[in-house]
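First the structure, in the form of structure tokens, and then the observations on it.
A short reminder: the numbers here are calculations on the coordinates, not readings from a lab. Here the structure is a predicted model, which is why all the values come from computation and not from measurement. Virtual Cβ from ideal backbone geometry, glycine too; neighbours counted across all protein chains shown.
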Amino acid sequence: MTKVGGWSEPLTDYFSREISWLAFNARVLALADDLEVPLLERARFLSVFATNLDEFFQVRVSGLADRVVAEITERTLDGHTPAEQLDEVRRVAAELCRKHQLLYLQKIKPALADHGIQLLTLDEVDAAEREHLRQHFEERVFPVLTPLAVDPGHPFPFISDLSLNLAVGLREQGKPELRFARVKVPAALRRWVPTGTQSTRFVALEDVIASHLEMLFPGMELLEHHVFRVTRNADLTLNDEDADDLLIAVEMELRRRRFQSAVRLEVAESISQDLLDLLIRELNLMPDAVMRVQGPVDLSGLNEIAGLPMPELQWPHWSGITEPKLVSDDGPPDFFKVLRGGDLLVHHPYSSFSRSVGELIHQASQDPAVLAIKLTLYRTSGDSPIIDALVAAAENGKQVAALVELKARFDEERNISWAKRLEQAGAHVAYGLVGLKIHAKIAMIVREEPEGIRRYCHIGTGNYNHRTARIFEDFGLLTANPEIGADIAGLFNSLTGYGNRLEHTHLITAPEQLRSRLSQLITQEMQSPAGRIIMKLNSLADASMIKQLYAASQAGVQIDLIVRGLCCLRPGLKGLSENIRVRSIVGRFLEHSRVFHFANADGQQQPATYIGSADLLSRSLDRRVETLVRVDDPKLVDRVMEVIQVALADNHLAWTLDSQGVWTRCRSTTAAVDTHVRLQQLALSRARPSQRSAR
């Protein structure tokens, strides 16, 4: 039975946010060690673990380090000071990284070799392969490289965030003085270089560069070379209240972010103490910020290997069904006619995003009767059909309003690019609100029809991103309900203009209403002898909401929480939370939807089920624009709750959390319920026979 977490003794009724997040990444790492997961997907989970940890250090660890430098000693919910938290986080992260490296070296790399995928060092290639790599270096790599010396005339170079580098120790022939140089490994080139034109044997790019350093430093005596990588504080420190132009302010802040302080130094285990001391000194780091790596530095590059065209070593292909109402024998259906007949629920990736939400926006951009399209953009892909449709709509003379969140972390540059493209096409672009991020996932199409103006809306839990919709699990409600349309119209007007006292009929929005309305719904459950709450979230950390859930548990309310990521609530504490159960689903698809179900929403045993963009984090409740919508159609409520019941019954992907912070995997050997497999089966059962037979 697999267990993770439980690293630090809980001091209060709350778990540490940072340690809880590390426990989530440990659950991701466990998938890389799962023999039931296809081999290349196991390699991908090693990459995902590494990428997740990078962002954790860039944001959360850097935040803790800033508090320590500022000598802040105030204890957080879990009872620890920032310094205590930083020490524990570094210790746990180092432990997980050792497991990560050993899993690659002892299990994944040998298993890949057994299937003909060999990740080699230069010592392991033959003469013909060495010649091929030499030619590749001379033709494709050498022209891109820029060696940077460090001496009185050349100061220590700036090491960019997350770049892969070679630290080179050398000296002039016949002279005793040691020299240092840095060679940056080009990020634009493939990380794993094939040893031949049709080879499944690979050598890491940094090893190819290291074996040809004499070409970069002719006449020098090469003494040593080691790979290293620096992680920097990547959080924006933008004060948008003082910004006259938010777009320009974010662009300037992004340039500044490159030069933020270092928080982690990853080095090859072979590095000499002299070179390590030099790096620590020049990067202004403490020794406890150093992570020695046994295998390749930065295993996020394994994503390249995971993408090899070897379907027998990957998950079976899944493209998502087309919802039956959207299937037409005469080509794409008339979405507007479908929605006039009733609400439609989509559940990605089990139902296709491109053939539902994406097609709706595309049809709207081409339909002469459509007058306007309004949409929020938090994250989208680099080749977004949604953006293409909005540009086309604007060029077709329609009113297009896009609320582009420039401060979406790590997507800022991409969003700036889309904002400028939309503006050039004639769209109205708003960049967000002072002090708030626009995280709501909403779209509205305004259409002129014989009966008058009608609004068609989409309210979702996920981003308008056709790529992530293939792997992120999300709900979306498509509707022509005039009351929802009026709510969405009012919300858009308040976001692009002025106004913050909105009275919604079907929506709950943050920051004005969400906290108080959820509090009211929880309180109402406490009045019923059959109180029942189910929440499906990405994260749960807000102290006030946790206190209310504790109070509901003490009142006898039965509470099930499905939390993919971090959870600061301690379940199962006698007299406090024994009626609360917490589980997490981690697997092939990223559980991303947010669902809030209350069995007695009006105090009369009438349930209410909401879907939307908000997690129970303080930022979601107080510092973001979020939207929840109540699902009213009983058949669609049943669909949502069917998904919830599958997740609660899962005994294959699920993990359960105990009161000490330990996550235990539920792995049944008989009658296993795998959420992702079961939901694929349910989707196929809804599909038209022609879709089922095509699979």
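Calculate the spin-label point distance for SER417 paired with GLN681, positioning each point 7 Å from the Cα along the beta-carbon direction, and give it in nanometres.
Distance between label points: 4.2 nm.
Of the peptides 275-287, 453-465, 335-347, 614-626, how do they stack up when ordered by the mean number of other Cβ atoms within 10 Å, highest first?
The peptides rank, most packed first, as 453-465, 614-626, 335-347, 275-287.
Identify all lysines with a Cα-Cα distance to LYS536 below 25 Å; exclude those on the same chain that are fewer than 8 residues away in sequence.
Partners within reach: LYS3, LYS437, LYS441, LYS547, LYS574, LYS635.
Calculated FRET efficiency, GLU172 and ALA486, Cβ-Cβ r, R0 56 Å, to nearest 0.05?
0.15
Which far-off residues, 5 or more places away or on another chain, put their amide H under 5 Å from the one on ARG232, with H placed in the peptide plane?
LEU162, VAL263
Roughly speaking, what is the centre-to-centre gap between the range 342-401 and the range 84-114 when only Cα atoms are used, to the nearest Å?
Answer, in whole Å: 42.
Please report LYS3, LYS437, LYS374 as a ranked list, fewest other C-beta atoms within 10 angstrom at the top and most at the bottom.
The fewest-first ordering by Cβ neighbours comes to LYS3, LYS437, LYS374.
Based on the mean of other Cβ atoms within 10 Å per residue, sort peptides 584-595, 440-451 so the most packed one is first.
The most tightly packed comes first, giving 584-595, 440-451.
Apply the Karplus curve 6.51 cos²θ - 1.76 cosθ + 1.60, θ = phi - 60°, to the phi angles in the range 558-570 and return the couplings in whole Hz, x for Gly and Pro.
Karplus-based 3J(HN,Hα) across the range 558-570 equals 7, 10, 10, 10, 10, 10, 5, x, 7, 9, 8, 6, 9 Hz.
Does a label point 7 Å from the Cα of ALA111, set along Cα-to-beta-carbon, have any residues of the range 308-348 with amide nitrogen under 19 Å, and which are they?
It comes to 308-317, nothing else.
For the pair SER668 and ASP633, how long in nm is the line joining their label points, each one 7 Å along Cα→Cβ?
Using points 7 Å along Cα→Cβ, the separation is 3.1 nm.
How far is helix 39-56 tilted off the main Cα axis of the chain, in degrees rounded to 10, range 0 to 90?
The angle comes out at about 90 degrees.
Under a cut-off of 16 Å between alpha-carbon atoms, report the lysines in cross-link reach of LYS420, not counting same-chain residues fewer than 8 places apart.
Cross-link targets: LYS407.
Counting other beta carbons within 10 Å of each residue's own, what order do LYS107, LYS420 fall into, fewest first?
LYS420, LYS107
Please work out the FRET efficiency for the pair ASN396 and SER618, using the Cβ-Cβ distance as r and a Förster radius of 25 Å; give the result to the nearest 0.05.
On the way: r = 42 Å, r/R0 = 1.68.
Result of the calculation: an efficiency of 0.05.
Dimensions of the range 3-313 along principal axes (Cα, Å, largest first)?
Over the range 3-313, Cα extents along the principal axes are 63, 55, 43 Å.
Separation of the range 9-79 and the range 191-225 by C-alpha centroid, Å?
33
Give me the percent relative contact order of the range 507-693, please, defined on Cα pairs under 8 angstrom at least 6 residues apart.
Worked out over the range 507-693, it gives 22 percent.
Per 0.36 nm of contour for each residue apart, how much would the distance between ASP329 and GLU503 grow if the chain were fully extended, relative to their Cα-Cα spacing?
Length gained, ASP329 through GLU503: 58.4 nm.
If you stretched the chain out fully between ALA551 and GLU214, how much longer would it get, using 0.36 nm times the residue separation minus the C-alpha to C-alpha distance?
Full-extension gain reported as 114.5 nm.
Treat the count of other C-beta atoms within 10 Å as a stand-in for reagent exposure and order THR656, THR468, THR121 from fewest to most.
THR121, THR656, THR468
Give me the angle, in degrees from 0 to 90, between the Cα long axis of helix 17-32 and the longest principal axis of the Cα atoms of the chain, rounded to the nearest 10.
80
Step through the residues of the range 516-525 one at a time and calculate ³J(HN,Hα) from phi using the Karplus curve (6.51 cos²θ - 1.76 cosθ + 1.60, θ = phi - 60°), rounding each to whole Hz and writing x for Gly and Pro.
5, 6, 5, 4, 5, 5, 5, 4, 5, 5
Provide the gained length on full extension for the span ASN284 to LEU576, in nm with one decimal, where the gain is 0.36 nm per separating residue minus the Cα-Cα distance.
Numbers: separation 292, 0.36 × 292 = 105.12 nm, distance 4.54 nm.
Separation in residues times 0.36 nm, less the Cα-Cα distance, equals 100.6 nm.
Amide H neighbours of ARG594 under 5 Å, counting only residues 5+ apart in sequence or on other chains, H built in-plane at 1.01 Å?
PHE475, GLY612
For the pair ARG340 and GLU9, how long in nm is the line joining their label points, each one 7 Å along Cα→Cβ?
6.9
Which residues does a label at ASP388 reach in the range 336-379, if reach means a backbone N under 17 Å from a point 7 Å past the Cα toward the Cβ?
Residues 353-367 fall inside that zone.
Given H placed 1.01 Å from N in the peptide plane, which residues other than close sequence neighbours of VAL203 have an amide H under 5 Å from its amide H?
LEU120, VAL193, THR195
Is any residue of the range 519-533 close enough, with backbone N under 17 Å, to a label point placed 7 angstrom from the Cα of GLN558 along the Cα-Cβ axis, and if so, which?
Flagged as within label range: 525-533.
Going by alpha carbons, how many degrees (0 to 90, nearest 10) lie between the helix axis of 412-424 and the longest principal axis of the chain?
The angle comes out near 60 degrees.
Of CYS567, HIS597, GLN554, which is farthest on the positive side of the dipole of the range 507-693, counting Cα position, with +1 on Lys and Arg Cβ, -1 on Asp and Glu Cβ, and the Cα centre as origin?
CYS567
Just for the chain, what percent of DSSP beta bridges are antiparallel, to the closest 5?
70
Could you derive backbone 3J(HN,Hα) for the range 334-341 from the dihedral phi with the Karplus parameters 6.51, -1.76 and 1.60 (θ = phi - 60°), listing whole Hz in sequence and x where the residue is Gly or Pro?
My calculation for the range 334-341 gives 7, 4, 5, 5, 4, 6, 5, x Hz in order.
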